[in-house]
Amino acid sequence: MKRKKELKIVILGSYNSGKTTTLETICEKKAKIEYKGTTIALDYGNTIIDGEKVHIFGSPGQERFEFMREILSQGLDGAIVVIDSSKGLTNVDEAIINKLNLQDVPYVLFANKQDISKNIIEHHTIKPDTPIIPTVATSGHGVSEGLLTLIKMIKT
């Protein structure tokens, strides 16, 4: 019997953009490595979508933890980049998007915190066909839609 492929998705973004909350919204069971509420190594959870197991890793957002983003991104099938709409794209976000573009990894942008600010996320590093999903991770608004959009991109 052929075993179904399991997907690996990494949630990336700058500090305090909503990565952990996004993961918590998607996954019932999860593990977090944090210090005083800040992710310092990784978050992990998994879920089943259409009978397929999806492993989701959340990365720390501070610049000094770039090495953890590199480790977590090895072998990824796709990425969710969570942007804090009230702040816009940070230097960390730009670096992440540039790296994903260079590696030709499918990704979606979550324009998170739409309940605080409905700013439109635009930047020259974002490919024109990149889906930008308005989200509110605390309520789950847009999160499932964005995840399903990413999975569809990975499979095509």
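The values are calculated or read from the model by the stated rules, or taken from the named source; none is laboratory data. Keep in mind the model is a prediction, meaning the values are calculated, not measured. Glycine also receives a Cβ, built like all others from the backbone with ideal geometry; neighbour counts cover every protein chain displayed. SASA here: full protein model, heavy atoms, side chains in, ligands and nucleic acids out. Shrake-Rupley method; radii C 1.70, N 1.55, O 1.52, S 1.80 Å.
Some observations on this one:
- Top-ranked residue of the range 63-92 - restricted to ones that are without any contact (Cβ under 8 Å) to a residue 60 or more places away in the chain and open to solvent by less than 30 Å² (accessible area, probe 1.4 Å), ranked as nearest to TYR107 (Cα to Cα): ARG69
- When ASP93, ASP43 are screened for being touching a Gly at 6+ places or on another chain (Cβ under 7 Å), within 23 Å of GLU6 (Cα to Cα) and not hydrophobic (A, V, I, L, M, F, W, C), only ASP43 passes.
- Evaluation of THR39 against (1) more than 14 Å from ASN16 (Cα to Cα); (2) in contact with a helix residue (DSSP H, G or I) (Cβ under 7 Å, 6 or more places away or on another chain); (3) not hydrophobic (A, V, I, L, M, F, W, C) (one fails), failing number: (1)
- Among the criteria (1) in contact (Cβ under 8 Å) with a residue 24 or more places away in the chain; (2) open to solvent by 40 Å² or more (accessible area, probe 1.4 Å); (3) in contact with a strand residue (DSSP E or B) (Cβ under 6 Å, 6 or more places away or on another chain), the one ILE116 does not fulfil is (3).
- Some residue of the range 61-69 being basic (Lys, Arg) and within 12 Å of the chain's Cα centre (by Cα): yes
- Where ILE96 falls short, out of the listed (1) open to solvent by 30 Å² or more (accessible area, probe 1.4 Å); (2) assigned to a helix (DSSP H, G or I); (3) in contact (Cβ under 8 Å) with a residue 24 or more places away in the chain: (1)
- Residues within the range 70-85 that are among the charged types (D, E, K, R), farther than 15 Å from THR135 by Cβ and not in a helix (DSSP H, G or I), tallied: 1
- Here VAL54 meets each of (1) touching a residue at least 40 places away in the same chain (Cβ under 8 Å); (2) within 15 Å of GLY18 (Cα to Cα); (3) hydrophobic (A, V, I, L, M, F, W, C); (4) surrounded by 21 or more Cβ atoms within 10 Å (Cβ to Cβ) with one exception, condition (2).
- If the condition is being without any contact (Cβ under 8 Å) to a residue 40 or more places away in the chain and in a loop (DSSP other than H, G, I, E, B), then the range 8-49 contributes CYS27, GLU28, LYS29, LYS36, GLY37.
- The listed residue being of a type in the set (Gly, Ala, Ser), at pLDDT below 95, touching a Gly at 6+ places or on another chain (Cβ under 8 Å) and not in a helix (DSSP H, G or I), out of GLY88, GLY61: GLY61
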